[in-house]
Amino acid sequence: MEAKGDGHVAEILHVFDFPQLYTKPTAQSLLNTLTLLTSAPPSWECSDSEEDYDISVGLNKRRASAATKPRPVQINPEGLTRYLTSIIGNDLGWIYDDNMKEDIWEEASLRLSERSGRSAMPAMSREFRVPTKSGRVDITIHEPALTEDNIGLKTWAASYMLSKRLHTIKLPQSKDKAPPRMLELGSGTGLVGIAAAAVFGSSVLLTDLAEITPNLAGNIEDNRAAIEQCGGSMDCAVLNWAEPFTCQSYLRGLGQIEDARNATYNGSSPKYPVILAADSLYSPEHPRLLVQTIDAWLSHESTARVIVEFPFRDAYVPELGDFKTRMASIGLCVLEEGEESGYDDWASEGGRSEVRCWWSIWGRIPESGR
């Protein structure tokens with residue numbers, strides 16, 4: 001046992017506290033232990049006890065029930081990897097139920113994956129508590145296992161920080177005082193766009209590449225009821241920045257792209273007074289592609305706004321400078337900007353990776369200033 005700063009006693013378990021294979025433990029005792037060992041990546045908050053963030057990890061399930069979340073304990077990592085690999089490599093000959101054996105091996109493999117860094121993480125669901133102008137909203141985000149380097153299947157620190165910043169942003173009011181329509185580019189798991197729909201009570205179109213859109217659409221559906229209670233609404237579409245004038249609506253619940261003419265947006269479709277983007281510059285081509293897409297879809301009103309947040313990464317400093325130059329070339333200027341730090345979860349168990357980000361709000365350069 002170990003005393004924590006809040007006066008509670010934290011239980012620290014060691015490998016020798018777990019069922020040892022030479023004793024031929026029951027299948028259920030092994031499964032209970034593996035559930036206890038469930039490891040979530042650290043939150044981006046400075047404290048894992050922060051109420052802004054919660055996470056549950058499920059076994060090949062889209063959503064994990066709160067009732068099945070493992071109780072919080074501290075695990076001494078010494079010898080843990082060897083313990084898990086010994087389970088995976090054992091034939092469990094004393095257990096006669098083949099289905100139980102498969103469950104044990106799969107659970108042990110998941111626990112090992114959870115301790116092998118972000119790229120090896122299994123599918124998981126996170127709950128983010130995002131502040132709004134009148135309280136907060138709980139947003140559930142599913143992140144599939146990372147495949148083929150599809151980093152749009154993961155939620156990034158810049159997205160989380162921007163979603164928490166939205167309630168502080170004051171947007172110009174339209175003549176009818178209705179919430180502005182919004183377009184999110186490179187939505188990924190959808191945290192920013194879903195949060196924006198709740199914070200501003202807006203209609204938000206979340207977009208990404210075709211391979212990212214199915215999970216994005218699922219996250220939209222999972223949060224639709226909560227967002228509608230905040231007065232917002234959401235839709236999902238496929239938008240490839242290399243073809244910025246074509247945006248195909250994704251059919252909710254059917255898992256396919258809508259082919260109907262009235263569901264395809266194009267250059268003559270209504271522009272958006274607000275565009276959002278977070279952590280979308282990780283290739284030399286991205287500044288050009290992103291800015292040309294912003295230019296294609298941003299309305300021409302003087303009140304139009306582009307809200308972005310990008311991390312400072314040594315490898316992509318030139319891309320950030322290129323983005324700023326290209327934004328100015330299409331008649332946009334920075335109205336507000338700042339820097340903030342958060343934490344990403346690429347590190348292995350017990351570690352954090354601090355992320356410094358730059359956020360900015362862009363508007364049209366007045367004709368007199370050009």
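The values are calculated or read from the model by the stated rules, or taken from the named source; none is laboratory data. Everything numeric here is computed off the predicted structure, so don't read it as measured data. Neighbour counts are summed over all protein chains in view; Cβ atoms, including those assigned to glycine, are modelled from backbone coordinates with ideal geometry.
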Some residue of the stretch 222-244 being in the same structural domain as GLU336 (by TED's automatic domain parsing), among the polar types (S, T, N, Q), surrounded by 20 or more Cβ atoms within 10 Å (Cβ to Cβ) and modelled with pLDDT under 95 = no
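Can ARG370 be described as more than 23 Å from LYS170 (Cβ to Cβ), modelled with pLDDT under 80 and surrounded by fewer than 13 Cβ atoms within 10 Å (Cβ to Cβ)? Don't jump to the end; show me each part of the working.
On the way: more than 23 Å from LYS170 (Cβ to Cβ): yes; modelled with pLDDT under 80: yes; surrounded by fewer than 13 Cβ atoms within 10 Å (Cβ to Cβ): yes.
So ARG370 passes the test.
With more than 19 Å from ILE275 (Cα to Cα) and under 16 Å from the mean Cα position of the chain (by Cα) as the only criterion, which of GLU228, GLU211, GLU184 stands out?
None of the other options fit; the residue is GLU211.
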Does ARG111 count as in a helix (DSSP H, G or I) and modelled with pLDDT under 90?
-> yes
Pick from the stretch 245-287 the residues that are over 24 Å from the mean Cα position of the chain (by Cα) and among the charged types (D, E, K, R): which of them is modelled with the lowest pLDDT?
-> ARG261
The number of residues in the stretch 1-51 that are at pLDDT 70 or above, within 13 Å of GLN74 (Cα to Cα) and part of a loop (DSSP other than H, G, I, E, B) is 3
Among the listed residues ARG326, ARG364, which satisfies the condition of being touching a His at 6+ places or on another chain (Cβ under 9 Å), crowded, with 17+ Cβ neighbours inside 10 Å and modelled with pLDDT of 90 or more?
-> ARG364
In the stretch 302-321, the residues that are surrounded by 14 or more Cβ atoms within 10 Å (Cβ to Cβ) and either of a type in the set (A, V, I, L, M) or more than 15 Å from LEU162 (Cβ to Cβ) (or both) = THR303, ALA304, VAL306, ILE307, VAL308, ARG313, TYR316, GLU319, LEU320
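Consider PHE128 carefully, then state whether it is surrounded by 22 or more Cβ atoms within 10 Å (Cβ to Cβ), in contact (Cβ under 8 Å) with a residue 12 or more places away in the chain and not assigned by TED's automatic domain parsing to the domain that holds GLY363.
It is true that PHE128 is surrounded by 22 or more Cβ atoms within 10 Å (Cβ to Cβ), in contact (Cβ under 8 Å) with a residue 12 or more places away in the chain and not assigned by TED's automatic domain parsing to the domain that holds GLY363.
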